[in-house]
Structures are given as C-alpha cells and as structure tokens.
Amino acid sequence: MFNKMYDIITFGSSAMDINLKSKAFKVLKSDKDFVTGEGICLSLGSKIDVQDIKFTSGGGGTNTAVTFAKQGLKTAFCGIVGEDEAGREILKELKSYKIDGSLVQKTKEKATNHSVIISSEDGQDRTILVYRGASELLNKQNIPWDKLKSKWIYIAPLSGQLCDTFEDIVDFAYKNKIKIAINPGSSQLYLPQETLSRIFKKIDILILNQEEASFLTKVSFQDEVEVFRKIDEMCPGVAVMTKGGEGVTVSDGKYFYSAKPNPTRLVVDTTGAGDSFASGFVAEFIKTNDIEKAMQFGMANSEGNLKEIGAKTGLLDKNAKYIKVPVQKQLCSENNLCTTK
C-alpha cells in the first residue's frame, strides 16, 4: 500500500477548550498559597456571573499542525482522541484545515482532553484547569510507525504514555533521516539527564521558554549567555528561548539572534501564544532555512493569535502581510556568547 509523504507530522495533545471571562475573577497575591505568587480567586459557595464564554479547540499537537497547514505544508497530526463528540469535532476541524487525520487513534478508555480557561476580564491573567484524557494513552504500540513518512517531525509537550515514547519518536526520525523540531514540556524535561542528552544530540530545532531553559541548564534565565552556552553544548541544532513579552533569543552555535515583539501588539488572550510562535518559527525555517525570517514570522504568527480568544484563532495565512520586527545578530565569538558547534 502506498504511504503518503508529508512535509511535517506533529505529535502532542488535542483538546477542546472552554474559555470563561468574568469581572468576578479577582487576582490575589500570596507567595504562601500559590506557586506563582498569584491566584485567580472566586467567592466560595456563590454563583458567579460569566460575561463571556467561547468554545475552541487546543492542544499542542493540533495547534501547531494548523499553522503548518495554513503555511502550505502537507501536514498530519499523530495523536489520540476519545470516541466521543469532542473527538469527532477535533477530527472534523483537522479536515477543515486540510490536516491529515489518518494517523489519529481513537479510544474508549478515556474521554478526549478538555481544558477550562478562566481569565480576568482584560485577558491578562488566567488559570487553566486541564483534564489530560485520551492524549496520554498514545504509546509505542499504537503509533503507526510504518505511516510516518515525512521530511520533518514536530514534537509538542507530551505527557502520560506518550512522554515515555519521546525518545522512541526521536530515534525513529533520526534513523530515517527525518528532521526533528521539539518544544518539550515539563514532563519531558524531568526525564533523566542521560536520556535528555541522548535526545538533544539528535535535534534540529529545540524550543524552550525561559523557565524551561533555566530548569534544563540549572542556570538563571537572567544569565542568558550561560544558558545558551550550556544548551549549545547539549544540542547541535538551532536553540530557541522564548521570553514572553520580552521577545525571543536564538543560537545556531555561530550566531546569536535576539528580537523583541511589536510594541503596539494587542493582547486579548495568551492561550496558544507559545504554540503559535514555535510553529511559525519552524514553518518559516522549513521554507527558507533563514533564522531571522523564522523569528519574524514566528512573532507575527503569535501576535495574530494573541489578538483573539483561542489557541488556533488569528494564525496567519500563507503569503499574509505582517510586521517584521528588527532582529539583532551577533557572532557567538564576540564576548563568548555561546559555544561554537
């Protein structure tokens, strides 16, 4: 039987999201009670009026697949959904974006992933309640390995049994000369150091946020030079560190790149901002092999997403016009910025 060849296959979760906004959501500061130092609070035992509710889809695997498909790349998503209405809606949505869903497994064991996103009225503060359902059940045994014919594989944050299959997916891609981009989540970064060292040596693009980069390197993200020196030693590919509102820094071992977001961008909802940047960066890099252009498109794709509620809304279409933020480029050898690969 003929197997399709894709430009990129994404791995990760798929979910249905319920987005809630209310004037009653209050932010309370407390280092004692909240890990982040702040919490969204509601009156116990009360009925709370919600001013806005929206139903959207999410999950790193499908969020990123949408960007790739909208950029004209032949895209497939490999994941698992429940045999329920939410699972059927996700498959229907994938089809609407011309994303191949033939690699998606279905299960009766757990329901499709769901998230409830609770936001303050201005959208600047939020908390996400996550049900990690069916997506956690994809494992080495039910991945259709013989159908993974692709030029690239993108691995979003994984959890459950799929996290245990992280190295198997990377090894498969590496063995079959498939390029690999990863945006690992906390579960993957908690893997043993020797496992991560083996994995990162095979990666073409590694994308982390500041907290993840700091956790991985055991260096404060404020010491950016040292963070990248350590990441460059681990990963021979392109290393990316996102910094939220402060922008992004990238190293390819030879040059050090940095950029800040468009200062006039509108932020309505931050859900999916990381996925929209990461997938935008990878999509443009696949097409141009140009880090500066990849940074500019990634930030523009994220800006488009930030303007609207939902993890897949606002993503840029192919050939869309967008603001190209300035990118600073410096040789790594200058000021010992990073280790030459």
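Compared with the direct C-alpha span, the chain from Asn176 to Ser96 gains 25.8 nm at full extension, assuming 0.36 nm per residue.
Of the accessible area of region 55-139, with the probe set at 1.4 angstrom, what percent is carbon plus sulfur?
48
Summed over the residues of region 202-341 and divided among them, the accessible surface reaches 43 Å² per residue at a probe radius of 1.4 Å. A simple spin-label model places pseudo-atoms 7 Å from Cα toward Cβ; at Val50 and Lys307 they are separated by 2.6 nm. Where a ≥ b ≥ c are the square roots of the eigenvalues of the C-alpha gyration tensor, would you call region 87-234 rounded, which needs a/c under 1.5, or, failing that, prolate if a/b is larger than b/c, or oblate? Since a/c reaches 1.5 but b/c is at least a/b, the shape of region 87-234 is classed as oblate.
To the nearest 0.05, what FRET efficiency results for Val130 and Leu331 with a Förster distance of 35 Å applied to their C-beta separation? Write out the running numbers ahead of the final one.
Working: r = 42 Å, r/R0 = 1.21.
Here the calculated transfer efficiency is 0.25.
In this simple spin-label model, placing a label point 7 Å from the Cα along the Cα-to-Cβ direction at both Ser186 and Tyr322 gives a separation of 2.8 nm. Cα centroid separation, region 279-310 to region 67-87: 19 Å. Annotation: for a label point projected 7 angstrom from Cα along Cα→Cβ of Gln222, residues of region 240-258 with backbone N closer than 19 Å are 242-249.
Packing order of peptides 222-230, 9-17, 324-332, 25-33, highest average first: 9-17, 222-230, 324-332, 25-33 (average count of other Cβ atoms within 10 Å over each peptide's residues). Cβ-Cβ distance of Lys26 and Asp146, R₀ of 51 Å, FRET efficiency by 1/(1 + (r/R0)^6): the value works out to about 0.45. Within the shell of other residues whose beta carbon sits under 15 angstrom from the beta carbon of Gln105, the net charge comes to 0, with Lys and Arg scored +1 and Asp and Glu -1.
Using the Cα gyration tensor of the chain, with a ≥ b ≥ c the square roots of its eigenvalues, what is the shape: rounded (a/c below 1.5), prolate (a/b larger than b/c) or oblate (neither)?
rounded
For region 113-188, the per residue solvent-accessible surface stands at 45 Å², with DNA, RNA and ligands left out and a 1.4 Å probe. Packing, as the average of other Cβ atoms within 10 Å across residues, places the peptides 66-76, 308-318 in the order 66-76, 308-318, highest first.
Quick one, could you list the DSSP H helices from the chain stretching 18 Å or more along their long axis (Cα atoms) with average Kyte-Doolittle hydropathy of -1.0 or above?
Those that pass (Cα extent of 18 Å or more, hydropathy at least -1.0) are 273-288, 291-306.
Distance between the 7 Å Cα→Cβ label points at Phe34 and Lys293: 4.3 nm.
Go through 285-292, 97-104 and give me the packing order, highest mean Cβ count within 10 Å leading.
Ranking the peptides 285-292, 97-104 by packing returns 97-104, 285-292.
The values are calculated or read from the model by the stated rules, or taken from the named source; none is laboratory data. Keep in mind the model is a prediction, meaning the values are calculated, not measured. Ideal geometry is used to build each Cβ from the backbone, glycine not excepted, and the neighbour counts take in all protein chains shown. Areas reflect the complete protein model, heavy atoms only, side chains present, ligands, DNA and RNA absent. Shrake-Rupley method; radii C 1.70, N 1.55, O 1.52, S 1.80 Å.
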